[in-house]
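Structure, as structure tokens:
The values are calculated or read from the model by the stated rules, or taken from the named source; none is laboratory data. Fair warning: this is a prediction, and the values are worked out from it, not measured in the lab. Heads up, the Cβs are rebuilt from the backbone with ideal geometry, glycines too, and the neighbour counts pull from every protein chain shown. Side chains are part of the model used for accessible areas, which takes the heavy atoms of the whole protein and leaves out ligands, DNA and RNA. Shrake-Rupley method; radii C 1.70, N 1.55, O 1.52, S 1.80 Å.
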Amino acid sequence: MSTPEDRTTGTHESMPPGTRREGVPSGRVHQDAAPSTPQTTATSPSHGSPLRADCAIDSEGRITFTLPPVPGAHPRLLLRLRPRKGHSETTRHLLDLESGRPDGHRHAVLEPQPVLDEGRWDVYLLPEPGAERLRLRPGLRDLRCLVDGHLRDRPAPVAVRIPYVTKDGFLALRAWRRTAHAEARTIDVTDRAMTVTARLHGAELHADATVRLRLRGTDTVRTLRPRTEDDARGFSFTVTPGDLADGGGGAARVWDAFVRPADGAPPVRVGRLLDDVADRKHVYVYPAVETDGSALRPYYTVDNDLAIEVT
């Protein structure tokens, strides 16, 4: 769980076939240009330019933030969980900005524990207790350790953090926290079907495991039998337009993908979280399977979960 602001302790808290990847390639150190959108932004005391925070993440999920010299007797970083629309802000986390470097730069470390709540965390500079918090621009983001994150098996709970740049150009963290997670590795689309290859983290597959496709907004479920690997983690499944035919009268329908590791076990969402892409909905774009007057197209949701649209 994240640490509320009023209880600060001083501790620190391969491209799949058939896809199109846009923007900066995985594995590179990202450097971001300043946007033109005016905001309340921290600025360097020396020349008034926007203050940028570099960040680097290691394979354990530990994030180190580095800032140039900043004003204030006790500056800290404030991580704020962005509330849902219409809700008030409730969850914050404070990190001390340590000094001691010859160049005057300061750093703060967000340790893997405690696990952050799932959501989007905005990053601020708090120059001193009680001062106005100031948004930080992104500097260099070293995400190379995340690129091959899907190759390591994760224990429960599965916790993921990805530093990213918001649409208006500020530094933020994307966090997921799930009891278990099924990581989609490849999605192969042919002219007749789509086949998903995935791996389960935080749980194991049993002989009676099933894939469940749930029609969004309803209790309608289609059940498929996955092909499982000997290690009880890897699996794959194939979907055809006929599997999701339900007499919907031509209206678009969206089916969300889950795997149930065993009969009676909670379903686990299938998605793609274990790399350096914080928002993949418009980055990974797949063709549709078109047959018998209907089209089936896989896509990733705004939460990077796998869904299938049928039209």
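Within the stretch 122-148, residues that are farther than 22 Å from ASP58 by Cα have Cβ atoms under 9 Å from residues that are open to solvent by 20 Å² or more (accessible area, probe 1.4 Å) and of a type in the set (S, T, N, Q) in these pairs: GLU132/THR40; ARG133/THR40; LEU134/THR40; LEU134/THR41; LEU134/THR43; ARG135/GLN39; ARG135/THR40; ARG135/THR41, counting only partners at least 6 apart in sequence or on another chain. Any residue at all in the stretch 29-51 that's over 21 Å from ARG137 (Cα atoms) and at pLDDT 75 or above? No, every residue in the stretch 29-51 fails to be over 21 Å from ARG137 (Cα atoms) and at pLDDT 75 or above. Here LEU205 meets the list (1) out of contact with any Asp or Glu (no Cβ under 8 Å at 6 or more places or on another chain); (2) assigned to a strand (DSSP E or B); (3) surrounded by 17 or more Cβ atoms within 10 Å (Cβ to Cβ) almost entirely, failing just condition (2).
Only a single criterion out of (1) in a loop (DSSP other than H, G, I, E, B); (2) open to solvent by 20 Å² or more (accessible area, probe 1.4 Å) is not satisfied by LEU140, namely (1).
For the stretch 71-122, name all the residues that are among the β-branched types (Val, Ile, Thr) and surrounded by 14 or more Cβ atoms within 10 Å (Cβ to Cβ). Result: THR91, VAL109, VAL115. Inspection of the stretch 214-237 finds a residue satisfying the criterion of being farther than 24 Å from THR190 by Cα, surrounded by 15 or more Cβ atoms within 10 Å (Cβ to Cβ), charged (D, E, K, R) and over 17 Å from the mean Cα position of the chain (by Cα). Of all residues in the stretch 276-304, those satisfying the criterion of being surrounded by fewer than 21 Cβ atoms within 10 Å (Cβ to Cβ) and either in a strand (DSSP E or B) or acidic (Asp, Glu) (or both) are ASP279, GLU290, THR291, ASP292, SER294, ALA295, ARG297, TYR299, ASP303. Restricting attention to the stretch 159-202, and to residues there that are part of a strand (DSSP E or B) and of a type in the set (Asp, Glu), which single residue is nearest to ALA257 (Cα to Cα)? Filtering first and then ranking leaves GLU183. Screening ASP54 with (1) touching a Ser or Thr at 6+ places or on another chain (Cβ under 6 Å); (2) of a type in the set (Asp, Glu); (3) open to solvent by less than 40 Å² (accessible area, probe 1.4 Å) gives one miss only, at (3).
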